[in-house]
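Undergrad: First the structure, then my questions, so here it is.
The values are calculated or read from the model by the stated rules, or taken from the named source; none is laboratory data. Being a predicted model, the structure only gives us computed values, none of them experimental. Here the Cβ positions follow ideal geometry from the backbone for every residue, glycine too, while neighbour counts run over all protein chains shown.
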Amino acid sequence: MQRILTGDRPTGPLHLGHYVGSLRNRVKLQNQYETYIIVADIQALTTHWETPELIRTNVREVTLDNIAAGLDPEKVSIFVQSMVPQIAELTVLFGLYTSVSRLKHNPTIKTEAKQYGFTDMTYGFLGYPVSQAADILFCRANLVPVGEDQLPHVEVTRFVARRFNELYGEVFPEPRAMVSEISRLIGLDGNTKMSKSLGNAIYLKDDPAEIKKKVMSAVTDPARIHKTDPGHPEICTIFAYHKAFNSSEVPEIESSCRKGTIGCVACKKNLIGRLEETLAPIRERRARFDKPGVVEDILFEGTKRAIKAGEETMGMAREAMHTDYWKES
Ligand code: TRP
């Protein structure tokens, strides 16, 4: 069976942008692939090294978000990055032949550096895509379902795997990225990306009242002052959400918006109903698993399985690199 590796940074609770970009795909694919989900605490610390307590709290939150979204902890291994030592070991090995200029040209790194105001980037931040390559390759994954902002990182991973194999012998598959059709969700404020730091997100754990409030105050087409004004769905936040959560009604909504026969309030109310169809079962599952010790046990078991895969890979990598010094034979 082929393997999937994907995951999240535990910097805060997951939102609809994560759901559309990656979670929804993970849930769909979990039966066809052996699936590993990383809770990337070390990667989170490359931007949040001053607040490790915050990251620790969110390791539990993000794990719960993944399970609530529909991942089956019996089938899928959800694990904590920092508890799998082979990921750290591989990061060091992959850094041997990955140049600094390759890392400096990574567009996602550039965007994030700007966003966080990093003028003098740390070694750890600049190098996190190498560490992400280790996240993916420690279990020799074949497929990486991610949002489009992660494509440069998967490219680094493919380079790392290919080059390792050329230099030392065939150990790693060259994993493929899988980007969902709608891979980025616009924010409630009309900003191009839904994100926690922009404060424009609907969270998987939001209750119905919060969701209603957020949707009703979301930005729509500013040209529509009266209900009968013709609208421009292509620039409307709510229409983008209909595309992601209500695809069957999209043609009808599009034409009635353009004609001015449906008002923004009605259109928003319809959307709230569709969002509830997705979010109500997620909320139920969350409540079922949100009990003392349950998430902790799931992470413990998942991490054990990850370490086992990591040990196997590390054995192969050591042999290929001639660093298997006192292997018993
Ligand atoms: N960089 C990813 C994000 O910001 C999280 C992540 C860490 C990841 N390691 C990964 C994603 C490995 C896919 C594969 O969302």
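One line per residue, one yes/no per condition, for (1) of a type in the set (Lys, Arg); (2) touching a Lys or Arg at 6+ places or on another chain (Cβ under 7 Å); (3) more than 12 Å from the ligand (Cβ to nearest atom):
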| position | (1), (2), (3) |
| --- | --- |
| PRO10 | no, no, no |
| ASN25 | no, no, no |
| LEU29 | no, no, yes |
| THR51 | no, no, yes |
| ARG56 | yes, no, yes |
| GLU61 | no, no, yes |
| ILE78 | no, no, yes |
| GLN81 | no, no, no |
| GLU89 | no, no, yes |
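Undergrad: Also, quick follow-up: Restricting to the stretch 147-176, name every residue that is small (Gly, Ala, Ser), more than 9 Å from the ligand (Cβ to nearest atom) and not in a helix (DSSP H, G or I). Before you say what the answer is, go through the steps one by one.
TA: At the first step, the residues of the stretch 147-176 found to be small (Gly, Ala, Ser) are 147, 161, 169.
Applying the additional criterion that residues be more than 9 Å from the ligand (Cβ to nearest atom) yields 161, 169.
Hit for the stretch 147-176 is GLY169, nothing else.
Undergrad: Could you check the stretch 204-226 and list, in sequence order, the residues that are of a type in the set (Lys, Arg) and closer than 23 Å to LYS259 by Cβ?
TA: If the condition is that a residue be of a type in the set (Lys, Arg) and closer than 23 Å to LYS259 by Cβ, then ARG224 is the only one that fits.
Undergrad: Something else now. Working carefully through the options LEU151, LEU103, find the one that is closer than 22 Å to SER22 by Cα, in contact (Cβ under 8 Å) with a residue 12 or more places away in the chain and of a type outside the set (Gly, Ala, Ser).
TA: The unique qualifying residue is LEU151.
Undergrad: I need a count of the residues in the stretch 112-146 that are of a type in the set (Ser, Thr, Tyr), part of a helix (DSSP H, G or I) and at pLDDT 95 or above. Walk me through how you get there before you give the answer.
TA: So in the stretch 112-146, the residues of a type in the set (Ser, Thr, Tyr) come out as 116, 119, 122-123, 128, 131.
If we keep only those that are part of a helix (DSSP H, G or I) as well, we get 116, 123, 128, 131.
Cutting the leftovers down to at pLDDT 95 or above gives us 123, 128, 131.
Within the stretch 112-146, residues that are of a type in the set (Ser, Thr, Tyr), part of a helix (DSSP H, G or I) and at pLDDT 95 or above number 3.
Undergrad: For the subset of the stretch 92-138 comprising residues that are surrounded by fewer than 12 Cβ atoms within 10 Å (Cβ to Cβ) and under 15 Å from GLU155 (Cβ atoms), which member is nearest to the ligand (Cβ to nearest atom)?
TA: Taking the stretch 92-138 as the starting set, the residues that turn out to be surrounded by fewer than 12 Cβ atoms within 10 Å (Cβ to Cβ) are 92, 96, 99-101, 105, 107, 114, 117, 119-120, 123.
Among the residues that remain, those that are also under 15 Å from GLU155 (Cβ atoms) are: 99, 101, 105, 107.
Details: SER99: 21, SER101: 21, HIS105: 17, PRO107: 13 Å.
By that ranking, first place goes to PRO107.
Undergrad: Kindly establish whether ALA240 is closer than 30 Å to ARG3 by Cβ and part of a helix (DSSP H, G or I).
TA: No.
Undergrad: Among (1) within 8 Å of the ligand (Cβ to nearest atom); (2) closer than 14 Å to THR98 by Cα; (3) among the hydrophobic types (A, V, I, L, M, F, W, C), there is one condition VAL144 misses while meeting the rest; what is its number?
TA: Unmet for VAL144, out of (1) within 8 Å of the ligand (Cβ to nearest atom); (2) closer than 14 Å to THR98 by Cα; (3) among the hydrophobic types (A, V, I, L, M, F, W, C): (2).
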